[in-house]
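Reviewing the structure listed below.
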C-alpha cells in the first residue's frame, strides 16, 4: 500500500481517544469463508489502541455472508428478506464468536450489540443505546455492533453499515470513524474507468460537487458504495467526528492508516461534545424541571442534576425528551434530555438517588439529567 507524506490537515489516528471502526463484508469474508488471519491482524491493532487508552467500537458487516454459507445459499446477489434474516441469525453468532476469540488472547472483552434505525431515531431508544455503549466502554469492553438483520424490515433498516457506523460514532461521541473498505478513498471520478481521476486525501467540507463524486458498490459482498460513505461522512462530521475511508485488506489496517497509508479524511465540524450540545440546545423543551439553589450551583460546576435538588416538575414529557431546567427565580439555567417520565420525576423530586428504587419499584438511574445530556 502506498504511503503519503503527512498532511497538516490530516487527523492523527494514533491520537484518537474514542474511535469507531467499520469493517466491510468483503474484507472479513472471502470465497473460503471467514478470513481468520485478517481478523486477527485487525484485533492486534484494536488491542494496541486499547493499550494506548483509546475506546474502540467495531461496527462489523459479515453476518449474512457467513450465514448464507452455512445454510448453503448461493454466494453473491441479494436474498429474499426472510432468507437474509435467517442467514443473519446463523452468521451473527459465528461473527461474534470470531471477534471474541481473536481479542481474548489480548485480555480484551467483547460485547454483541444489535441495532436498527429505530434505536437511534427514537430519543428513548437512543438514550438507552447510548447509555449501554458508554457503560460497556467504561468497563474497557469492545462492543461489536451490527444491524439487527434478524428482525429489521425495510422501513426500520439503515440498509448499510456505513451509515450505522456514522450514527454509532455520533452516539458515543467518537472523535474518529474509520471505514475499512475495498477502496482507498474518494476520487474525483471512478479510477477504474477514468485515467484522469484524482485521489482526494482531505475533504474539508462536503459540497454538492463532492457529493456528485459518489459511485456504485464495487463488490459482490458489499452493499455500501461511495454514495453511502458520503452520507456517513455527512452524519459523522456534523456530529464533530472526523471520518476516513481506507482500503483495509492489509493485515494491520489501523497501523497502516497510522503509518500514512492513502486514505480520504473528512474533517469534522467542531468536536463531538460541542456538536451534541448544539443538538440538545436546538430542541424545543417539552416540560420544565425546577431546582433549588444548591442544585443550581452544582449545575454551574458541571455536575449532573440529581432528584434531591428538584423542587417542581412542569409539563408532560417522556424519557429522553428535552426539558428546560429552571432556577429558583424561574430563570432558565439549562436544557437537557431527561431520564424519567414527568410522573416518575414528580414522584422522586426532592428525594435522594438511593430512594429511587423504593419509590418507583425498580432500580433507576441516579441522575434525573446527566451532565452529558445537558447544555447550560
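Just so it is clear, none of the values below were taken in a lab; they were calculated from the coordinates. Keep in mind that this is a model prediction, so the values were computed, not measured. Cβ sites come from the backbone with ideal geometry, for glycine too, and all protein chains shown count toward neighbours.
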With Cα coordinates, the longest principal axis of the chain makes an angle with the long axis of helix 272-281, in degrees rounded to 10, of 50
To the nearest 10 degrees, the tilt of helix 226-238 (Cα long axis) against the first principal axis of the alpha carbons of the chain is 30
Calculate, in nm to one decimal, what residue 352 and residue 365 gain on full extension: separation in residues at 0.36 nm each, minus their alpha carbon distance.
-> 3.5 nm
Choice from 179, 34, 81 showing the highest fluctuation, given a GNM over the chain with Cα pairs closer than 10 Å | 81
What is the distance in Å between the Cα centres of the range 50-81 and the range 267-285?
-> 32
PRE zone check, label point 7 Å out along Cα-to-Cβ of residue 109, amide N under 20 Å, scope the range 58-95, hits 58-59
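Please arrange 22, 229, 277 by counting, for each residue, the other beta carbons lying within 10 Å of its beta carbon, fewest first.
Working: 22 31, 229 27, 277 19.
Starting with the residue having the fewest Cβ neighbours, the order is 277, 229, 22.
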Round to the nearest 10 and give me the degree value, 0 to 90, for the angle of helix 161-172's Cα axis relative to the longest principal axis of the chain.
-> 30
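Rounded to the nearest 0.05, what FRET efficiency do residue 279 and residue 193 have when you use their Cβ-Cβ distance and R0 = 45 Å? Could you put the intermediate results ahead of the total?
Values: r = 40 Å, r/R0 = 0.89.
Here the calculated transfer efficiency is 0.65.
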With springs only between Cα atoms under 10 Å apart, run a GNM on the chain and tell me which of 146, 161, 190 wobbles the most.
-> 190
Taking the chain as a Gaussian network, where each spring joins two C-alpha atoms under 10 Å apart, which residue of 143, 328, 285 fluctuates the most?
-> 328
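Which of the peptides 107-114, 41-48 is most tightly packed, and how do the rest follow, going by the mean number of other Cβ atoms within 10 Å of each residue?
On the way: 107-114: 17.0, 41-48: 20.6.
In decreasing order of mean packing, 107-114, 41-48 become 41-48, 107-114.
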